[in-house]
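The values are calculated or read from the model by the stated rules, or taken from the named source; none is laboratory data. The structure presented is a predicted model; accordingly, all values stated were derived computationally and were not measured. Glycine also receives a Cβ, built like all others from the backbone with ideal geometry; neighbour counts cover every protein chain displayed. The accessibility values were calculated without ligands, DNA or RNA, using every heavy atom of the protein model including side chains. Shrake-Rupley method; radii C 1.70, N 1.55, O 1.52, S 1.80 Å.
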Amino acid sequence: MRKWQCTKVIASVCSLVLLSGLMGCAKEDDAAQTTASVAPSAAATTAASPSPSAAPAVQLKWYYIAYELQPDQQAVEDAVNAYIKPKLNTTVKLMPLIESGYKDKINTMLAANEEIDLLWTSNWGGGDYEPKATKGGFLELDALLDKAPKLKAAFPALIWDDTRINGKIYGVPNYQIAAKAEGFAIQKQYVDKYKLDVSAIKKQSDIEPFLKTLKDNEKDVVPILNTSNMFDFGRHYGYAPRNYKVGDPEYKIIDVPQTPEYKSFLEMVRRWYQAGYVYKDAATAKGDQMEALLKTGKVAVEWNVTMKPGGEADDKKRFGGNDVVYVRLSEPEFTGVQATMTAISKTSKNPERAIQLLELINTDPALFNLLTFGIDGKHYTKAGDNIIKINQAGGYKSDLGWVMGNSLIGYLKEGQPADTWTRTKQLNESAKRPETGSFKFVNDPIKTELANLTTIEAEFSKALNTGAVDYNTYLPKFIEARKKAGVDKVIAERQKQLDDWLKANGKKK
């Protein structure tokens with residue numbers, strides 16, 4: 001899930017999750033300004049003020065994804081360390097990695113047993129949460145969390161439970177929206193210019209005439225970006241995240257690529273691609289390339305899988321400073337927190353200090369805001385009690401709260417309603433829960449098949465889901481390749497596990 005905010009990152013990869021669901025340098029003046037600008041507020045001191053550690057000083061290494069590197073990164077890091085060292089006798093080296101290379105870099109480092117303390121993880125793309133947890137790449141956190149009571153108390157049990165793999169916690173949620181709806185984000189200038197009746201858009205195909213209008217009249221504009229995630233677990237087409245048809249009393253797991261709904265979806269996106277509505281390089285572009293294109297302001301429509309409270313302000317930045325309109329096509333549903341978390345690496349020599357730092361980041365607004373927005377008066381200015389305006393020329397505009405920690409203790413950005421965090425919390429707690437929401441598959445019996453299926457998906461799914469290839473030719477090849485890779489064995493094992501859970505919870509005889 002801003003990303004995904006999670007949307008921006010989830011959007012480029014959710015279709016892969018759909019199918020894999022079945023398979024599984026600071027100057028002295030900078031430093032001076034830094035020290036003056038990060039004095040904690042009274043609220044921050046109350047939130048978390050651990051005593052300075054009596055243990056020897058240590059430095060932690062923290063790797064996380066980014067879409068662009070920040071010129072003022074070192075000044076912010078220096079400010080962070082000036083703030084945390086008196087509290088924890090700890091400093092941190094911030095190690096942002098561009099999203100498209102994150103997975104390979106982290107995998108190489110872990111394989112070589114290089115020292116990493118904290119690292120970003122997720123259930124999509126390069127985050128590899130479950131594989132790394134089950135293969136011993138991450139430390140179990142249950143015992144460590146007992147030594148960080150403020151962190152443990154920061155999120156309800158429902159949220160912690162969603163992080164569990166085989167009953168164990170391996171990631172600290174970067175808490176934000178965890179209940180998502182789907183729909184279109186559309187530049188408002190085009191809605192107004194062409195008098196688009198957004199209330200008439202009830203399903204994905206209803207946007208097609210508008211895309212044609214854009215193609216015919218806006219020669220330098222990409223009508224729609226990121227169609228690869230438009231099937232998104234199939235929820236918009238009546239399929240639950242566990243890949244059974246919503247309302248089926250038998251909860252029969254099926255191979256979604258073999259369904260008529262999926263074929264119909266491919267027919268639509270293929271038609272759009274051939275008509276020139278879809279970005280021509282959608283099948284091969286990386287996430288950071290997509291974000292760079294959005295920032296030019298030359299993308300009119302994007303499929304959005306988060307639709308979070310206040311998200312229009314975030315997407316305005318992503319769309320090159322242009323206002324956007326949300327057209328929601330589904331009701332909010334609890335989708336969990338595994339989309340963005342922070343883990344402690346198996347190679348960390350200081351896991352207790354790492355969990356202390358995570359506790360501070362997730363309970364101290366001053367530290368969280370410093371990491372996310374940089375230095376007050378330099379990288380942003382106050383526009384209200386808890387509202388800021390980011391200085392786009394300030395040298396630090398990463399806005400990575402969704403990667404850093406608990407967004408609900410952070411500032412609001414100009415344009416976000418004052419009640420954004422209240423509504424986010426309420427939505428997380430009240431959104432519809434899938435009937436099988438607390439059930440999680442155990443993948444150990446089918447890990448070979450899952451690895452094979454992941455390889456097959458990398459070859460076929462994004463090309464199909466963007467319309468870049470002829471589905472009549474490639475869909476049968478995709479289905480056959482999945483069968484050879486063991487999708488039937490995966491379905492059988494997952495059906496058995498789901499049936500056992502349904503019976504144990506009184507949902508099936």
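So what are the three principal axis dimensions of region 277-405 from its Cα atoms, in whole Å, longest to shortest?
51, 37, 31
From the square roots a ≥ b ≥ c of the eigenvalues of the alpha-carbon gyration tensor of region 60-107, which class results: rounded (a/c under 1.5), prolate (a/b over b/c), or oblate?
Judged from the Cα gyration tensor, region 60-107 comes out oblate (a/c at least 1.5, b/c at or above a/b).
So which GluC sites (Glu not before Pro) in region 63-118 pass both tests, a DSSP loop state and at most 11 other Cβ atoms within 10 Å of the Cβ?
none
Collect residues whose amide H, placed 1.01 Å from N in the peptide plane, falls under 5 Å from the amide H of Ile169; neighbours closer than 5 in sequence don't count.
Leu141, Asp142
Efficiency by 1/(1 + (r/R0)^6): what FRET value for Val246 and Tyr194, r their Cβ-Cβ distance, R0 = 41 Å, to the nearest 0.05?
0.75
If you find the alpha carbon centre of region 191-258 and of region 278-297, how far apart are they in angstrom?
18
What number comes out for accessible area per residue over region 432-509 if the probe is 1.4 Å? Units Å², please. Mind dumping the intermediate values first?
Values: 4060 Å² over 78 residues.
I get 52 Å² per residue for region 432-509.
Can you work out the Karplus-derived ³J(HN,Hα) for every residue in region 98-109? Use 6.51 cos²θ - 1.76 cosθ + 1.60 with θ = phi - 60°, whole Hz, and x for glycine or proline.
Each residue of region 98-109 in turn: 4, 3, 5, x, 4, 4, 5, 5, 5, 4, 5, 5 Hz.
Around Ile65, which amide H atoms from residues at least 5 apart in sequence, or from another chain, sit under 5 Å from its own amide H, with H modelled in the peptide plane?
Result for Ile65 returns Leu97, Trp120.
Share of antiparallel DSSP beta bridges in the chain, in percent to the nearest 5? Working shown, then result.
Working: 25 of 44 bridges.
Looking only at bridges with both residues in the chain, the antiparallel portion is about 55 percent.
Give a quick list of GluC sites (Glu not before Pro) in region 395-438 that DSSP marks as loop, anything other than H, G, I, E or B, with at most 10 other Cβ atoms within 10 Å.
Values: sites: Glu414, Glu429, Glu435; in loops: Glu414, Glu435.
Answer by residue number: there is no such site.
How large, in Å, is the chain by the Kirkwood hydrodynamic radius built from its alpha-carbon pairs?
23.6
May I ask you to give the percent of accessible area on region 305-456 that is carbon plus sulfur, with a probe radius of 1.4 Å?
Within region 305-456, the accessible surface is 48 percent carbon and sulfur.
Ignoring ligands, DNA and RNA, what percent of the accessible area of region 117-202 is carbon or sulfur (1.4 Å)?
55
Once phi is turned into ³J(HN,Hα) by the Karplus curve 6.51 cos²θ - 1.76 cosθ + 1.60 with θ = phi - 60°, what whole-Hz value does each residue of region 55-60 show in order, with x for glycine and proline?
Here the 3J(HN,Hα) series is 6, x, 5, 9, 10, 9 Hz.
What residues from region 300-319 fall in the zone where the backbone N is under 20 Å from a label point 7 Å along the Cα-to-C-beta line of Val221?
The answer is 300-304, 312-319.
How large is the dipole of the chain about the Cα centre if only Lys and Arg carry +1 and Asp and Glu carry -1, each at its Cβ, rounded to the nearest 20 debye?
Dipole of the chain, to the nearest 20 debye: 760 debye.
Amide H to amide H, which residues 5 or more places from Val222 or on other chains are under 5 Å from it, using H placed in the peptide plane?
The list, which skips near neighbours in sequence, is Val299, Ala300.
List, in order, the whole-Hz ³J(HN,Hα) value for each residue of region 154-170 obtained from phi through the Karplus relation with A = 6.51, B = -1.76, C = 1.60 and θ = phi - 60°; use x for Gly and Pro.
Computed from phi, the couplings for region 154-170 are 5, 10, x, 4, 3, 6, 4, 4, 5, 8, 6, 10, 6, x, 10, 8, 10 Hz.
Given labels modelled 7 Å from the Cα in the Cβ direction, how far is it in nm from Lys298 to Thr448?
According to this spin-label approximation, the distance is 5.0 nm.
Among the GluC sites (Glu not before Pro) within region 246-339, which fall in a DSSP loop and have no more than 14 other Cβ atoms within 10 Å of their own Cβ?
Answer in residue order: Glu250.
For Lys389 and Glu114, FRET efficiency with R0 = 41 Å and r from the beta-carbon atoms, rounded to 0.05?
Efficiency computed from Cβ-Cβ geometry: 0.55.
How far, in nm, would the chain grow between Gln289 and Glu429 when pulled straight, counting 0.36 nm per residue and subtracting the alpha carbon separation?
On the way: separation 140, 0.36 × 140 = 50.40 nm, distance 3.44 nm.
Fully extending the segment from Gln289 to Glu429 adds 47.0 nm.
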